[in-house]
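The values are calculated or read from the model by the stated rules, or taken from the named source; none is laboratory data. Note that the structure is predicted; figures quoted are calculated from it, not measured. No Cβ is skipped: glycine too gets one built from the backbone with ideal geometry, and neighbour counts run over all protein chains shown. Note: areas computed on protein heavy atoms with side chains; ligands, DNA, RNA excluded. Shrake-Rupley method; radii C 1.70, N 1.55, O 1.52, S 1.80 Å.
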Amino acid sequence: MSEIKYFTQEGLQKLKDELDDLILRERPRIVLAIQEARDKGDLSENAEYDAAKEAQGLLEAKIAELQELIFNARVLDESKMDTSKVLLYSTVKIKNTKNNMVMTYAIVPEKEANFKEGKISINSPIGKGLLGKQVGEMAEITVPAGKMQFEVLEITR
């Protein structure tokens, strides 16, 4: 049995869109590449055919992975979530106590992480370090650059 993964409605829709793209656009493209390579003759020494078949295998594995992920996905109702502490899907405003820089991050699953959008993975050092913290608490987090200390200023959804 596969592990249940939690997503926002937006995150789940992105997975469904990616799956649709793979099935409706990529799969036919690879099937066509296999047919074209097959038409070139002897398959035993046909590198194009081998490459296309390998690409097909990788694509089918990716499709199966996404289908399983979507099947086991659960959408969180963000309106019913606790904002007293940092949890998955919390949006947290923190202050670096060393330089007083204030940052806002959404704590999301690995698949939804996008640093440019301010979405950090729950599995990242900062994500792990902030989990369970409440407003006013300090979090000492070890990052690649060393230890950093953050103060939790605000938690929202």
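For Q134 and A61, the FRET efficiency from 1/(1 + (r/R0)^6), where r spans their Cβ atoms and R0 equals 30 Å, is about 0.10. Phi angles across the range 110-116 convert, under the Karplus curve 6.51 cos²θ - 1.76 cosθ + 1.60 with θ = phi - 60°, into 3J(HN,Hα) values of 3, 5, 9, 5, 7, 4, 4 Hz, Gly and Pro given as x. Per-residue 3J(HN,Hα) values for the range 102-109, derived from phi via the Karplus relation 6.51 cos²θ - 1.76 cosθ + 1.60 with θ = phi - 60°, read 9, 10, 10, 10, 9, 8, 10, x Hz in sequence order (x marks Gly and Pro). Cross-link reach is defined here as a Cα-Cα straight distance under 26 Å, omitting same-chain residues fewer than 8 places apart; for K98 the lysines meeting it are K85, K116, K119, K128, K133, K147. Principal semi-axes of the equivalent ellipsoid, √(5λ) from the alpha carbon gyration tensor of the range 56-124, are 31, 17, 7 Å from largest down. Taken per residue, the accessible surface of the chain reaches 63 Å², heavy atoms only and a 1.4 Å probe. Per residue, the Cα convex hull of the chain amounts to 155 Å³. One chain, two ends: N123 and R38. Fully extended at 0.36 nm per residue, the span grows by 26.1 nm beyond their Cα-Cα distance. Computed over the range 1-84, the range of Cα coordinates on each principal axis works out to 66, 24, 17 Å, biggest value leading. If only the Cβ of Lys and Arg carry +1 and only the Cβ of Asp and Glu carry -1, the dipole of the range 33-157 around its Cα centre is close to 1000 debye.
Considering all different alpha carbon pairs of the range 108-151, the Kirkwood hydrodynamic radius works out to 11.0 Å.
Between the Cα long axis of helix 9-21 and the first principal axis of the chain there is an angle of about 10°, rounded to the nearest 10. Beta bridges from DSSP with both residues in the chain: antiparallel share about 75 percent, rounded to the nearest 5. Using Cα atoms only, what is the angle between the long axis of helix 47-71 and the major principal axis of the chain, expressed in degrees (0 to 90) to the nearest 10? The angle comes out near 40 degrees.
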